[in-house]
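Structure first, commentary second.
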2 protein chains.
Amino acid sequence: MLTQAQVDAARRRAADMLAAAGIVLTEAERANIEVADLGLGDLERTGLELVTYVNTDRYCAKELVMFGGQTCPEHRHPPVAGGPGKMETFRCRWGRVWLYVPGEPAASPKARVPAGSEDYYTVFHEIELTPGGQYTIPSNALHWFQAGPDGAIVSEFSSTSRDESDIFTDPRIRRAPEVDS
Amino acid sequence: MLTQAQVDAARRRAADMLAAAGIVLTEAERANIEVADLGLGDLERTGLELVTYVNTDRYCAKELVMFGGQTCPEHRHPPVAGGPGKMETFRCRWGRVWLYVPGEPAASPKARVPAGSEDYYTVFHEIELTPGGQYTIPSNALHWFQAGPDGAIVSEFSSTSRDESDIFTDPRIRRAPEVDS
């Protein structure tokens, strides 16, 4: 669990990265950047920062901000409410990100699985995204991603987000944000 | 109808605006920027430039580029294929845009309806968007928008785009791109 000071510091750092990339946020958006440590309490290695622009019952758009080497751990978006699971398109805006999906595994993956969590990373088909690069992840497909050493900013365009339905491979993960204030 | 030289010039101009705003496109995306004069052959006044990042059967994301004073004329997205019409969220990234939707009309609208087309602009509730500002247009609601004097870049997040179904108030308009080469 993160302290409020850790959350505040991560928000400032993410806001600075977005501003440096020319992405303008409102003051309210900056103050409410979501800092997701996924319950592991190890934000520098595992987690990400998010700005959700809109999430309707039809579509969703977010910016994902990742610090250098930060990893969003392996998960999938299962079918919910009688419909297919979330489908999402990642478009890299700044930095570099390695995305892993099912398929032929990379012989030498460029990302490093966080030490101690090796059992919870199972897909290793590698897609490297740099600015202008994009990739669409089908509904219900396992995926995980890690920023390069300088971090990354990724726009996510998708169907409706229902984070509480996400299924992570690591059973220790909790998606709902929690803050120890 | 536009000549290929006019299309090429508009593509270069839109690509330059996107680059200046820090939005990175691939070479293929730059070469294929959609230049929509909507059949009126008066691109400087009526039309817009578009980059469609993704358009699936669930969601769509585009960048809309508008030159200074350019107007996207009044239209709506009706129900199609047994589903509701397109719902869309505009987020201003650069410049300034005035968006008009149904509701209390502005006493002195900041945009100017293109001369000779006054009959085809009927909604005048004004929303001004500058970088970081956004607005969601409900399905089937009439809307039109005009860039400020320096132009605008607007990210559009939406449900599936089916441009061929759009209904424009001006019966002279054709949505499908046409080029006189």
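R0 = 30 Å: FRET efficiency of residue B:52 with residue A:19, Cβ-based, nearest 0.05? It comes to 0.65.
Inter-copy label distances at residue A:149, using a point 7 Å along Cα-to-Cβ, come to 4.7 nm with the shortest given first. Here the label points at residue A:104 and residue B:1, each 7 Å from Cα along the C-beta direction, are separated by 4.6 nm in the simple model.
Close amide H pairs (under 5 Å, H built 1.01 Å from N) link residue A:141 with A:77, residues at least 5 positions away or on another chain.
In this structure, the pairs whose alpha-carbon distance is over 23 Å, taken from A:86/B:86; A:110/B:62; B:86/B:110; A:62/B:86, are A:110/B:62; B:86/B:110. Taken one residue at a time, the phi angles of the stretch B:55-69 give Karplus couplings (6.51, -1.76, 1.60, θ = phi - 60°) of 9, 9, 6, 10, 7, 8, 9, 9, 10, 9, 10, 10, 6, x, x Hz. Gly and Pro are set to x. Taking amide H positions as modeled 1.01 Å from N, with prolines and chain starts lacking one, the residues under 5 Å from residue A:53 and 5 or more places away or on another chain are A:61, A:62, A:63.
Can you give me the % of accessible surface on the stretch B:95-181 that is carbon or sulfur? Probe 1.4 Å, all protein chains present, nothing else counted.
Ligands and nucleic acids excluded, carbon and sulfur give 49 percent.
Placing a label point 7 Å from Cα along the Cα-to-Cβ direction at residue A:26 gives distances to the equivalent points in the other copies of 3.4 nm, listed shortest first. Sorted from nearest, the other copies put their residue B:125 label points 4.6 nm away, the label point being 7 Å from Cα in the direction of Cβ.
Dipole of chain B computed with +1 at Lys/Arg Cβ and -1 at Asp/Glu Cβ about the Cα centre; of B:3, B:142, B:114, farthest Cα towards the positive end is B:142. About its Cα centre, the stretch B:74-181 has a charge dipole of approximately 240 debye under the convention of +1 per Lys or Arg Cβ and -1 per Asp or Glu Cβ, with nothing else charged. Label separation (residue A:115 vs residue B:44): 6.5 nm, computed from points 7 Å beyond Cα along the C-beta direction.
How much accessible area per residue does chain A have, in Å², with a 1.4 Å probe?
Averaged over the residues of chain A, the accessible area is 43 Å².
The Rg/Rh ratio of chain B, with Rg taken over Cα atoms and Rh as the Kirkwood radius over Cα pairs, comes to 0.93.
What are the residues of the stretch A:112-135 that lose 20 Å² or more of accessible area, with a 1.4 Å probe, going from their chain alone to all protein chains? Output list: A:131, A:132, A:134.
The interface between chain A and chain B buries about 2200 Å² of solvent-accessible area in total (1.4 Å probe, ligands and nucleic acids excluded). Taking label positions 7 Å along the Cα-Cβ direction at both residue B:9 and residue A:12, the computed distance is 5.0 nm, reported to one decimal. In the protein assembly as shown, the DSSP-assigned H stretches of four residues or longer account for a calculated mean residue ellipticity at 222 nm of -3500 deg cm²/dmol, using -39500 (n - 2.57) per stretch and the full residue count as denominator. Using +1 at the C-beta of Lys and Arg and -1 at the C-beta of Asp and Glu, which of B:133, B:101, B:84 has the Cα lying farthest in the positive direction of the dipole of the stretch B:72-166? Of the options given, the answer is B:133. Distance from the alpha carbon centroid of the stretch A:92-139 to that of the stretch B:35-90 works out to 33 angstrom.
Name the residues of the stretch A:9-24 whose accessible area falls by at least 30 Å² when all protein chains are present instead of the chain alone, probe 1.4 Å? Those are A:24, which lose 30 Å² or more relative to the chain on its own.
The values are calculated or read from the model by the stated rules, or taken from the named source; none is laboratory data. Fair warning: this is a prediction, and the values are worked out from it, not measured in the lab. In this analysis, Cβ positions are derived from the backbone assuming ideal geometry, glycine residues included, and neighbour counts consider all displayed protein chains. Areas reflect the complete protein model, heavy atoms only, side chains present, ligands, DNA and RNA absent. Shrake-Rupley method; radii C 1.70, N 1.55, O 1.52, S 1.80 Å.
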